[in-house]
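Everything on this sheet refers to the single structure shown next.
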Amino acid sequence: MSRGTVADTSVEALVKREYQAGFVTDIESDTLPPGLDESVIRFISQKKHEPEWLTDWRLEAYRRWLDMPHPRWAHVDFPDIDFQAISYYSAPRSSGDGPKSLDEVDPELLRTYEKLGIPLHEQEVLAGVVKDRAPGDAAGIIAGDGSAGGDRALESAPTGEAAEDAGAEGRSPNVAVDAVFDSVSIATTFKDKLRDAGVIFCSISEAVQEHPELVRQYLGSVVPAGDNFFAALNSAVYSDGSFVYVPEGVRCPMELSTYFRINAQNTGQFERTLIIAEKGAYVSYLEGCTAPMRDENQLHAAVVELIAHEDAEIKYSTVQNWYPGDAEGRGGIYNFVTKRGACLGDRAKISWTQVETGSAITWKYPSVVLRGNDSIGEFYSVALTNNRQQADTGTKMIHLGRNTRSTIISKGISAGRSNNSYRGLVRTTPTAHGARNYTQCDSLLIGTECGAHTFPYIENRCATATIEHEATTSKVSDEQLFLCQQRGIDPEKAVSMIVNGFCKEVFRELPMEFAVEAGKLLEVSLEGSVG
Amino acid sequence: MKIIEINNLHVNVEGKPILRGVNLGIAPGEVHAIMGPNGSGKSTLANVLAGRPGYEIVDGELVFLGQDVAAMEPEERAQSGLFLAFQYPVEIPGVSNMEFLKGALDSLRAAREEPPLSTVEFMKRVRALAARLDLNPEFLKRGVNEGFSGGEKKRNEILQMLLLEPRLAVLDETDSGLDIDALQVVARGVNDYRDGLTAAGEMLDPGQVERAVLLITHYQRLLDHIVPDFVHVLTGGRIVESGDRTLALKLEEQGYAWLAS
């Protein structure tokens with residue numbers, strides 16, 4: 001177009017993107033030199049004062065890992081990882097043997113969490129709740145500009161008992177936060193309140209010291225040490241993570257939350273999370289992740305195990321925003337994660353909800369083993385890839401018990417030159433009489449250079465099972481964009497509105513404060529996806 | 001000042017000349033109708049006014065409210081008060097009409113440096129307009145145009161026009177595919193707009209209405225319900241004849257063949 005030119009606002013031209021959590025925190029840290037052998041594992045284990053059985057368990061995992069080939073079946077492409085170039089332990093120096101209170105934590109670190117909007121101070125959280133929660137409204141803590149739950153709360157924090165009481169009386173689910181910085185758990189808030197309810201929420205290192213019998217009973221019971229390449233590596237070198245135990249009949253009085261952050265250079269993060277819900281217990285757990293911008297790739301290989309006994313329910317939500325790399329695909333996190341839950345008892349329920357917008361490569365299949373009769377597994381996923389990102393994600397639903405039910409809702413959004421794959425397995429065994437699965441798998445394409453792929457695997461060995469699979473692929477069309485623009489809405493807002501609409505079924509499964517954050521995150525991640 | 005002045009407008013689509021020197025001026029309060037055979041460039045005119053990508057202005061001027069808008073983005077034109085009612089309103093699954101309308105109104109108000117309407121006031125306005133246009137208020141919860149009948153889509157366009165209160169409303173074959181009842185509802189909406197109905201449900205004083213309408217239509221029957229001040233015939237990319245509404249009646253009787261193209 002010559003003089004009457006309207007810039008090309010068609011859904012082409014995907015370029016820049018700003019990663020807002022990409023700052024580096026300048027703190028002193030104790031970091032092990034790169035390299036992996038048995039002495040590194042012994043070092044980690046010793047540093048954490050672990051009992052001998054755990055050291056042996058790590059070493060056994062390491063020996064099995066040595067014999068395993070690097071998996072190559074996922075629809076992702078990356079150079080071989082040099083596992084000897086990674087440091088397997090990095091701890092902020094000031095923590096020493098672990099901080100006893102927030103006062104002992106490096107102030108620089110606390111500022112990092114403030115930047116991330118993580119409410120570390122209990123009163124800040126409470127103040128946020130009191131201030132923002134309109135009657136009957138579930139929105140709250142992280143609502144607002146998304147960057148500053150903590151900051152804003154800080155400005156308005158009333159002092160002392162008043163805030164405490166107001167928060168306690170509100171019907172709101174407060175959020176207890178465990179923050180993992182590089183390899184070490186920094187602070188766990190709300191401990192007292194949880195202890196009163198009988199809920200254990202602490203770092204897994206602490207659980208090894210305080211509740212060794214529980215850890216020994218359940219660690220590796222859902223994801224065995226030799227389960228797969230990355231799970232074996234994690235079992236050998238995991239540094240920290242969260243531990244949750246909800247006793248029989250207890251409904252956890254607040255949302256539990258962990259924030260993970262990779263800060264140090266050339267470190268891997270190998271966290272280990274273990275959540276146990278006894279008979280009739282309920283817990284909702286949230287996990288959020290960020291990392292600084294770095295040119296090299298960083299490895300994140302976590303293992304999460306969930307155990308739900310009879311009539312128990314675990315709801316696990318993730319908002320993953322690891323650094324995705326730059327527009328040309330330099331840097332970014334390799335997010336190779338094994339997440340699996342076991343519904344051991346009858347009528348148990350495990351629900352995974354994930355919003356995956358970050359990481360250079362995501363390789364992740366949160367799964368449920370439905371062992372108890374009438375148990376329920378759910379997987380709700382939004383995976384967004386932009387620029388050069390690659391995601392291969394989905395779930396496995398393994399039906400063993402009678403009348404077990406599973407639901408899979410997967411929303412993949414591809415923009416830029418990214419590749420986004422859904423990979424899912426639904427398996428029923430001959431014992432799973434009356435099992436039912438419903439899978440819906442939708443892909444949305446933005447632009448013409450991205451890819452969306454679907455790999456559904458169905459293995460049905462039960463004649464009375466019902467398995468449904470629906471899939472759609474659609475595009476954000478130029479017509480839709482133009483309609484929005486003609487009504488005064490700029491193209492980036494329009495795309496974000498359309499994408500949010502596409503993800504609605506998943507967002508409504510998220511706790512409210514996370515749903516708000518997730519919506520904003522999509523908006524940020526899509527920046528530059530329309531030119 | 002005219003609402004819009006189109007001077008010697010030449011437009012290409014995919015390198016092919018479609019409009020070849022269109023001249024048209026619309027003053028406040030006026031309703032103009034553009035008629036013409038298929039392929040004469042009617043919809044091109046509507047789209048180029050709104051700034052749809054793919055329509056290349058090769059010559060001429062597009063002056064809206066005294067400002068040359070030819071290089072402006074579609075959303076900037078919308079923000080300065082130009083509205084297009086689409087011939088084929090597109091669906092946006094998952095985005096509710098409520099979110100969409102609020103998003104549009106907030107954007108327009110922000111551009112005018114006005115604060116967003118409260119949700120209560122917004123809902124009040126939308127409900128009243130929906131009732132006026134015989135739209136079930138349940139439609140607000142549904143996706144934008146999702147599963148709407150042809151008539152509902154067109155009424156939804158008129159609702160948006162009344163809610164957003166533009167200065168110029170371009171209606172691109174809004175009458176196509178409407179039965180007679182729906183046509184009357186749509187016509188009533190357009191007449192209300194022309195007469196100064198505000199989104200808050202008030203009528204502006206006649207002297208204060210600074211709005212204009214450009215109707216693009218195939219059929220004279222719409223003009224029985226919305227009486228135009230001027231009728232223009234577009235053929236071969238030019239306006240070849242202009243007159244009052246009797247021109248439309250003549251066209252219906254005699255077709256376009258008598259006009260020199």
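The values are calculated or read from the model by the stated rules, or taken from the named source; none is laboratory data. Computed from a predicted structure; not experimentally measured. Glycine gets a Cβ as well: all are built from the backbone with ideal geometry, and neighbour counts include every protein chain shown. Quick note on the areas: whole protein, heavy atoms, side chains included, nothing else; ligands and nucleic acids left out. Shrake-Rupley method; radii C 1.70, N 1.55, O 1.52, S 1.80 Å.
Descriptive notes on the structure:
Every residue, every condition in (1) more than 26 Å from A:Glu313 (Cα to Cα); (2) in a strand (DSSP E or B); (3) away from chain B (no Cβ under 14 Å), yes or no:
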{"position": "A:Lys396", "(1), (2), (3)": "no, yes, yes"}
{"position": "A:Asn403", "(1), (2), (3)": "no, no, yes"}
{"position": "A:Ile408", "(1), (2), (3)": "no, yes, yes"}
{"position": "A:Lys411", "(1), (2), (3)": "no, yes, no"}
{"position": "A:His433", "(1), (2), (3)": "no, no, yes"}
{"position": "A:Ser443", "(1), (2), (3)": "yes, yes, no"}
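- Flag for B:Gln208 being open to solvent by 10 Å² or more (accessible area, probe 1.4 Å) and in contact with a helix residue (DSSP H, G or I) (Cβ under 9 Å, 6 or more places away or on another chain): no
- Residues of the range B:4-48 satisfying the condition of being under 22 Å from A:Phe482 (Cβ atoms) and of a type in the set (D, E, K, R): B:Glu14, B:Lys16, B:Lys42
- Per-region count, the range B:134-146, residues away from chain A (no Cβ under 14 Å) and within 16 Å of B:Gly177 (Cα to Cα): 0
- Top-ranked residue of the range A:469-519 - restricted to ones that are over 29 Å from A:Leu286 (Cα atoms) and more than 10 Å from every other protein chain (Cβ to nearest Cβ), ranked as nearest to the chain's Cα centre (by Cα): A:Thr473
- Residue in the range A:245-267 that is open to solvent by less than 10 Å² (accessible area, probe 1.4 Å), modelled with pLDDT of 90 or more, under 25 Å from A:Leu59 (Cα atoms) and in contact with a strand residue (DSSP E or B) (Cβ under 7 Å, 6 or more places away or on another chain) present: no
- Test: residue in the range B:160-169 that is within 12 Å of chain A (Cβ to nearest Cβ), touching a Gly at 6+ places or on another chain (Cβ under 6 Å) and in a loop (DSSP other than H, G, I, E, B): yes
- Picking from residues in the range B:120-146 that are within 23 Å of the chain's Cα centre (by Cα) and of a type in the set (Lys, Arg), the one that is surrounded by the fewest Cβ atoms within 10 Å (Cβ to Cβ) is B:Arg127.
- Checklist (1) surrounded by fewer than 17 Cβ atoms within 10 Å (Cβ to Cβ); (2) assigned to a strand (DSSP E or B) applied to B:His218, failing item: (2)
- Selection count, the range B:68-110, where residues are facing another protein chain (nearest Cβ under 7 Å), open to solvent by 40 Å² or more (accessible area, probe 1.4 Å) and either in contact (Cβ under 8 Å) with a residue 12 or more places away in the chain or among the hydroxyl-bearing types (Ser, Thr, Tyr) (or both): 2
- Residue match in the range B:116-133 (condition: within 13 Å of chain A (Cβ to nearest Cβ) and out of contact with any helix residue (DSSP H, G or I) (no Cβ under 7 Å at 6 or more places or on another chain)): yes
- Scanning the range B:35-60 for residues that are open to solvent by 20 Å² or more (accessible area, probe 1.4 Å), more than 9 Å from chain A (Cβ to nearest Cβ) and in contact with an Asp or Glu (Cβ under 9 Å, 6 or more places away or on another chain) returns a single hit, B:Ser43.
- Cβ pairs under 6 Å, 6+ apart, first in the range A:417-437 and in contact (Cβ under 8 Å) with a residue 60 or more places away in the chain and more than 16 Å from A:Ile458 (Cα to Cα), second part of a loop (DSSP other than H, G, I, E, B) and open to solvent by 20 Å² or more (accessible area, probe 1.4 Å): A:Arg417/A:Arg388; A:Arg417/A:Glu449; A:Ser421/A:His75
- The condition of being touching a Lys or Arg at 6+ places or on another chain (Cβ under 6 Å) and buried (at least 24 other Cβ atoms within 10 Å of the Cβ) holds for only one of A:Thr362, A:Thr404, A:Thr393, A:Thr385, that being A:Thr393.
- When we screen A:Val319, A:Val355, A:Val304 for residues that are at pLDDT 90 or above and in a strand (DSSP E or B), the only hit is A:Val304.
- Here B:Val185 meets the list (1) among the β-branched types (Val, Ile, Thr); (2) open to solvent by 60 Å² or more (accessible area, probe 1.4 Å); (3) assigned to a helix (DSSP H, G or I) almost entirely, failing just condition (2).
- As for the range A:224-239, it holds at least one residue that is modelled with pLDDT under 90, under 19 Å from the mean Cα position of the chain (by Cα) and crowded, with 23+ Cβ neighbours inside 10 Å.
- Scanning the range A:324-382 for residues that are over 15 Å from the mean Cα position of the chain (by Cα), of a type outside the set (Lys, Arg) and on the phi > 0 side of the Ramachandran plot yields A:Gly325, A:Gly329, A:Gly331, A:Gly332, A:Asp374.
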